[in-house]
1. Projected onto the charge dipole of the chain (+1 at Lys/Arg Cβ, -1 at Asp/Glu Cβ, origin at the Cα centre), which of Gly713, Asn673, Gly471 gives the Cα projection farthest towards the positive end?
2. How far apart, in nm, are two points set 7 Å out from the Cα along the Cα-to-Cβ line at Ile432 and at Val97?
3. Between Ser333, Phe484, Ser183, whose Cα lies farthest towards the positive end of the dipole of the chain when Lys and Arg beta carbons carry +1 and Asp and Glu beta carbons carry -1, centred on the Cα centre?
4. May I ask you to list the trypsin sites (Lys or Arg not before Pro) in the stretch 345-422 that are in a DSSP loop and have at most 15 other Cβ atoms within 10 Å of their Cβ?
5. Which ³J(HN,Hα) values in Hz, rounded to whole numbers, follow from the phi angles of the stretch 61-76 under the Karplus curve 6.51 cos²θ - 1.76 cosθ + 1.60, where θ = phi - 60° and Gly and Pro get x?
6. Give the peptides 452-459, 131-138 in descending order of average Cβ contacts within 10 Å, highest first.
7. With all pairs of different alpha carbon atoms counted, what Kirkwood hydrodynamic radius in Å does the stretch 12-148 show?
8. With contacts defined as alpha carbon pairs under 8 Å and 6 or more residues apart, what's the relative contact order of the chain in percent?
Amino acid sequence: MAEQSSTPETNINDERAVRRAKRQALIDAGVNPYPIKSDVDAHAKELEERYASLEDGQDTEDVYSIAGRIRAYRKQGKACFIVLEDISGSIQLFCRVNALSEADWELLGQLDLGDIIQARGTIMRTRRGQLSLTPSSLTLLSKSVRPLPEKFHGLTDREVRYRQRYVDLIMNPEVRDVFRKRSQIISLIRRFMEAQGYLEVETPMMHQILGGANARPFVTHFNALDSDFYLRIATELPLKRLIVGGMERVFEIGRQFRNEGMDLTHNPEFTSMEAYCAYSDLKGMKELTEGMFKAIAREVCGCEEGHEVISFQGQQVDMSGSWASRPLSEIASEVVGEHVDMDTPIERLRELCEAHKIEWAENWGAGKLLFELYDELGEETITNPTFVCDYPEEVSPLSKRKDEDPRLTDRFELVICGHEYANAFSELNDPIDQAVRFAEQVAAKDFGDDEAMGYDYDYVRALEYGMPPAGGIGYGIDRMIMLFCDQPAIRDVLLFPQMKPETVSRADIEAQVGGALTDDASASAEAIVASSAVGPAAGKDREGGAASDGLESGLTREQAFDLLSKYNEDPYHIEHAETLERLMRHYATQFDPENVEFWGQVGLLHDLDWEKWQDDQLHTVKAAELLAEAGANPALAHSIQTHNYDLNKELPAPEHKMEKVLYAIDELSGLINACVRMRPSGSVQDFETKSLKKKFKNKKFAAGCDREVIAHGAELMEMELDDLFEDVIKATQLTDPGREEWLAEHPEA
């Protein structure tokens, strides 16, 4: 039994064993530790408010039944003090031996911190001024068999808090407050929109055609139609179909899905609101936005009308008054130090991009280059709410062109503290113009842009019936919550953010299931572990070990290199082999330090046969023959062959960490090398993940580097693609032979 509210740290499994024993003892004594019924008629906060004037030392005869989680426990002779926490706050239970039955007093001895109990009794205030409930009966509602973390509040590992959000909510009241505010904000948005005459609607989450935004989609298979569908990336096109149908003002709050990276402001699954208003335009969308944000500032943040000023991450944000509207080219000009616009020669815009280390593509026009300068350099300079306007048509396929300059569109993005919160258009309603814009998107897709939209025949057909002029806007709801709740990361405002798959071991499962299986249960421990595993590699290589311990290749490093040189003359092939060798050795030090040499030779010889036999079906098959002739351990050939299993189904699949690493880094290291060769410095040392992400999306660049293989490699490693990019770039930098020389020349790095 926990005698004090602060107890020394113990082994969690030992503590769980003690608690499980208490649970069983209760069951053996005829007490159900998880009863069906409970009886609650009051909460802590309302009792504090109702009895705020109760004097110290005064008792009442008022009886209430409350329930909650035990957060502190202290027993002193014939009295026991418990701090009980419910959703509204906490209250003290002043348990006295003469007020409880013998069974209830004995139950106190079986309680632990974290247990959920019900207490019925009278209200009183102690002589020290503590409002308390004196129980006449106690009921255990849920026995906690896993102890709460002793120091959870101070943990720096935020990933644990996000993954185990239930514990985060238990231990940190301020986290619960954030999600109360989230609910309050979304409710306020609905009321605000309805008051403006908008009708809330629902549209499909699965789309046959990708549209409404430029983003990489998630793909799912619709069995009944035997067809692949996209999880929606936006609600725009279905909502505008409703405007065609005569529903003049519509909005939808819902989930969107974009198969992209995760960072402080992005999660692959997120909430947005899109709204469309017939006979409106960009001016109407600005008025709608100002009104909504100011209403939230007043109702949620307590601002006074006319003085809507909030704080976000140390910055004061003034939302009062009329918000600034500024052309995109004006902001780009400020940050590059010279005037730039759509008339600036493309060659000069490219030079400015290169000067600021912004990569560009040959097919980009002036509009795209101008946008990149603003997006990479200008957006982050904006603090107070600003409508950034006049976006180039090249990056705005669904917006109307401006009458005075058709190269620009009637569009704005709302930017606050360097982040985008809304995107609005005067909606394009010319079906001919829209058809051409869609065709341009298809061309961009053919050029390697996997975020470009498809051609939506039905949407153009809808426009052919006539859509009235309309204003439309989309809001990032999660980012709005971050802003008004002063939270630094999107994961802090999502109850269940996307996480890397968690590894669950046999020991973890046995700690939960051990001794609890019935006579009818036939599942083995291995089957349960496999069933509980998550991610594409579920059930395989759960511990991440190498193929075996103490591996010998049968070759010295010199013999391996001589073999490579015998069948490869192209300097690039030799260079790639040595790069893979260095990377494999690097990862071996992390995952399998006893076998660094073996891992290194797997990397060095992985493409041994490619230059002589450039055939997917022969690749690594011939290598196995060459290695056998050289007297190598067959395990070396086996590990090498796994990286070609997707092209030759007769070959073994990657199962062990070494093989998964080889598969994941082979194509990716080639792409990184191709990117680095284009850089002015020619060095990987100043290469950044964002540059790799852009080149990855452009499938025309280094087309021989298979993007699907790279993506599958991330799955095998149970990593997000962006995380794999960052990790392999860092490994390449650390193992680069020119690293010391580069650092000597760049001491600031």
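1. Of the candidates, Gly471 comes out farthest on the positive side.
2. So the two model labels end up 9.6 nm from each other.
3. My answer, from the dipole projection, is Ser183.
4. On the way: sites: Arg348, Arg350, Lys357, Lys368, Lys400, Arg401, Lys402, Arg407, Arg411; in loops: Lys357, Lys400, Lys402, Arg407.
Within the stretch 345-422, the qualifying trypsin sites (Lys or Arg not before Pro) (loop, at most 15 other Cβ atoms within 10 Å) are Lys357.
5. The phi angles translate into 9, 6, 9, 9, 10, 10, 8, x, 9, 6, 10, 8, 8, 9, 10, 9 Hz.
6. Per-residue Cβ counts within 10 Å, averaged per peptide and sorted highest first, yield 131-138, 452-459.
7. Numbers: mean 1/r = 0.0653 Å⁻¹.
Mean inverse Cα-Cα distance, inverted, gives 15.3 Å.
8. This gives 8 percent for the chain.
Every number in this text was worked out from the coordinates using simple rules, so none of it is lab data. Predicted model, so just to flag it, every value in this text is computed and none were measured. Positions of Cβ are generated from backbone atoms using ideal geometry, with glycine treated the same way; all protein chains shown enter the neighbour counts.
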